[in-house]
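Taking it in order: structure first as structure tokens, then the write-up.
The values are calculated or read from the model by the stated rules, or taken from the named source; none is laboratory data. Here the structure is a predicted model, which means the values were calculated and not measured. Here the Cβ positions follow ideal geometry from the backbone for every residue, glycine too, while neighbour counts run over all protein chains shown. Just the protein is used for accessible areas: all its heavy atoms, side chains included, with ligands, DNA and RNA removed. Shrake-Rupley method; radii C 1.70, N 1.55, O 1.52, S 1.80 Å.
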Amino acid sequence: MTTSSSPPADGASKPLARPFRLDGRLALVTGAGRGLGFEMAKALSAAGAHVVINGRHAGRLQAAAAALTNATGRPVAIAPFDVADPAAGRAAIASIVAEHGRLDILVNNVGARDRRPLKDFVPGKVEALLAADLVGPMLLAREAAEHMAAHRHGRLITVTSIAAHIANRHDPVYTAAKAGLGGLMRALAVDYARAGITSNAIAPGMFATETNAGLVADAAFSAFVDIRVPLGRWGHPPEIGAAAVFLASDEASFVNGHVLVVDGGQSVRM
């Protein structure tokens, strides 16, 4: 898979004949073997981007890439590596740039979760979760931004969570990591703006993903969702894709340091 066309540069003077198109852009989406990462990868591909999906399991990624190609009619590449491994992430970014000539969009989507009180975490588990949820995405953004700066264009998109703003019981490490990612996004928005790189975040609410299948099937919990979410339902996974496309597009060229909340209004309800 190669990128043969040159994408347009940012700027208010360009025509908007085909808004929200990503033709010629190269995007890496982490944690895209399933769930919201898969849906964002699909939306980016459908908008014209050349997409590389990441995950730890090559077999799952190959199946996901085949499904994405079938859905969008565009080839999708895979990059199996663990985002918690800094050397692996650095090598993967270098390999992607060497093969495709550029990297325009990074969607830092990977997130591990372990719901339990802080007192119940065994030694080393907190550090392992932070490596996957905060440190890994931070270092991956650093590597990606170095290559984006060479082309004076880039989109760093961080997937946080409404958990960064409204905490739940027995979820301290995930909540702290997602709040940290929000701070990182704001810092990168300031640091990289003059290099033509924007940094923004997507904060999803409750989505009916594979991971949440048990909760979706739980009538009592779904009744809670109906009450807690003003729209009265779970989010449908495809509904996250448009947020990623917008933040990755030229139409968002002056959006920098923003958290786009996609939660049906849950986080603003008393």
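Things worth noting here:
- Part-to-part distance (alpha-carbon centres) for the stretch 195-260 and the stretch 105-130, which is given in Å: 20 Å
- Options (1) 23.6, 77; (2) 17.0, 54; (3) 18.0, 56 - which one matches Rg and Dmax of the Cα atoms in Å as calculated here: (3)
- Cα centroids of the stretch 153-183 and the stretch 53-101: 23 Å apart.
- If you take all other residues with their beta carbon under 13 Å from the beta carbon of residue 184, and give Lys and Arg +1 and Asp and Glu -1, the sum is +1.
- Helix 172-191 axis, angle to the chain major axis (alpha carbon atoms, nearest 10°): 30 degrees
- Solvent-accessible area, 1.4 Å probe, carbon plus sulfur percent, for the chain: 57 percent
- On a per residue basis, the chain carries 46 Å² of accessible surface, using protein heavy atoms and a 1.4 Å probe.
- Sequence of 161, 95, 222 from largest to smallest accessible area, 1.4 Å probe: 95, 222, 161
- A helix-only calculation puts the chain at -12000 deg cm²/dmol for mean residue ellipticity at 222 nm, using -39500 (n - 2.57) for each DSSP H run of at least four residues, averaged over all residues.
- Between residue 263 and 205, the built amide H atoms are under 5 Å apart, and every one of these is 5 or more places off in sequence or on another chain.
- Sites listed here are trypsin sites (Lys or Arg not before Pro) in the stretch 145-237 whose DSSP assignment is loop and whose Cβ has at most 16 other Cβ atoms within 10 Å: 152, 169, 233.
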